[in-house]
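Colleague: Have a look at this one.
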Amino acid sequence: MSILVLGLGNLVHSDDGLGVHAIHLLEKDPRLPPDVALLDGGTQGLSLIPHISGFDRVVVIDAIDVGEAPGTLLRLEGAALANLPGKATVHALGFADLMIALKLLDSAPSEVVLLGVQPQSTSDWNAELTPLVRGALEKIPGLVLSQIARWKEQTYERGTAGQDLRNSSRPQ
């Protein structure tokens, strides 16, 4: 199983840089398993296809504007992600196009989870996150690590289903 954590955003547009800031936090986090890839996707859009293609599971981190209170943490997956309304993420067209292109190329990950935070400001020319979004950012690494642990546990359970591991080292 291969896992990618992808951060999206523009660092000079305040809260829009959330995903990139999250990747920078995760790069310093000693709890991140060494077999998990991190990618600062910035605002690259469709040019990310070769970098995402081939991963089984992807966690995407981005600012998501769905009209909630600034700093609200959001988690979307499956049907909720497929039905993401236009312009919900700051990069909605790029992200939506990216997922469609990966499906058309038969390179889509089997699972995608979008972790986001409702931004307060994405149009200000500022390299700093607003205080409410900065506070939510601090929770993102824990959410990412929990998702990775869940996926790894699912893989372990599927790999050992039907096996009696208690006696596997004893000669028959």
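The values are calculated or read from the model by the stated rules, or taken from the named source; none is laboratory data. Everything numeric here is computed off the predicted structure, so don't read it as measured data. Because the Cβ atoms are built from the backbone with ideal geometry, glycine has one as well, and the counts that use them run over all protein chains shown.
Colleague: So in segment 53-68, with the set limited to residues that are without any contact (Cβ under 8 Å) to a residue 60 or more places away in the chain and small (Gly, Ala, Ser), which one is surrounded by the most Cβ atoms within 10 Å (Cβ to Cβ)? Give the derivation first.
Modeller: Let us first name the residues in segment 53-68 that are without any contact (Cβ under 8 Å) to a residue 60 or more places away in the chain, namely 53-56, 58, 60, 62, 64-68.
Then keep just the ones that are small (Gly, Ala, Ser); that gives 53-54, 67.
Numbers: Ser53: 14, Gly54: 11, Gly67: 7.
Here the answer is Ser53.
Each row is one residue, and each column tells you yes or no for (1) of a type in the set (A, V, I, L, M, F, W, C); (2) in a helix (DSSP H, G or I); (3) at positive phi.
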site	(1), (2), (3)
Val20	yes, yes, no
His51	no, yes, no
Val59	yes, no, no
Val66	yes, no, no
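Colleague: Hey, can you tell me all the residues within segment 1-23 that are free of Cβ contacts under 8 Å to residues at least 60 places away in the same chain, surrounded by 14 or more Cβ atoms within 10 Å (Cβ to Cβ) and out of contact with any helix residue (DSSP H, G or I) (no Cβ under 8 Å at 6 or more places or on another chain)?
Modeller: The answer is Gly19, Val20, Ile23.
Colleague: Mind checking which residues of segment 97-107 are under 15 Å from Ala79 (Cβ atoms) and within 14 Å of the chain's Cα centre (by Cα)? Let's see the steps before the verdict.
Modeller: Residues of segment 97-107 under 15 Å from Ala79 (Cβ atoms): 99, 103.
Of everything in segment 97-107, just one residue is under 15 Å from Ala79 (Cβ atoms) and within 14 Å of the chain's Cα centre (by Cα), namely Met99.
Colleague: Could you list, ordered by first residue, the pairs with Cβ atoms under 9 Å in which the first is in segment 148-159 and surrounded by 10 or more Cβ atoms within 10 Å (Cβ to Cβ) and the second is modelled with pLDDT of 90 or more and part of a helix (DSSP H, G or I), at least 6 apart or interchain?
Modeller: If the second residue must be modelled with pLDDT of 90 or more and part of a helix (DSSP H, G or I), no pairs are left.
Colleague: I want to confirm something. Restricting to segment 133-144 and keeping residues that are aliphatic (A, V, I, L, M) and buried (at least 18 other Cβ atoms within 10 Å of the Cβ), which single residue is nearest to Val113 (Cα to Cα)?
Modeller: Within segment 133-144, the first condition is being aliphatic (A, V, I, L, M), and the residues that meet it are 133, 136-137, 140, 143-144.
From what's left, buried (at least 18 other Cβ atoms within 10 Å of the Cβ): 133, 136-137, 140, 144.
Working: Val133: 19, Ala136: 17, Leu137: 16, Ile140: 13, Val144: 9 Å.
This residue is Val144.
Colleague: Scanning segment 70-127 for residues that are of a type in the set (D, E, K, R), part of a loop (DSSP other than H, G, I, E, B) and touching a helix residue (DSSP H, G or I) at 6+ places or on another chain (Cβ under 8 Å), which turns out modelled with the lowest pLDDT?
Modeller: At the first step, the residues of segment 70-127 found to be of a type in the set (D, E, K, R) are 75, 77, 87, 97, 103, 106, 111, 124.
Retained after the next criterion (residues that are part of a loop (DSSP other than H, G, I, E, B)): 87, 106, 124.
Filter once more, keeping what is touching a helix residue (DSSP H, G or I) at 6+ places or on another chain (Cβ under 8 Å): 87, 124.
Numbers: Lys87: 48, Asp124: 81.
Of everything passing the filter in segment 70-127, Lys87 is modelled with the lowest pLDDT.
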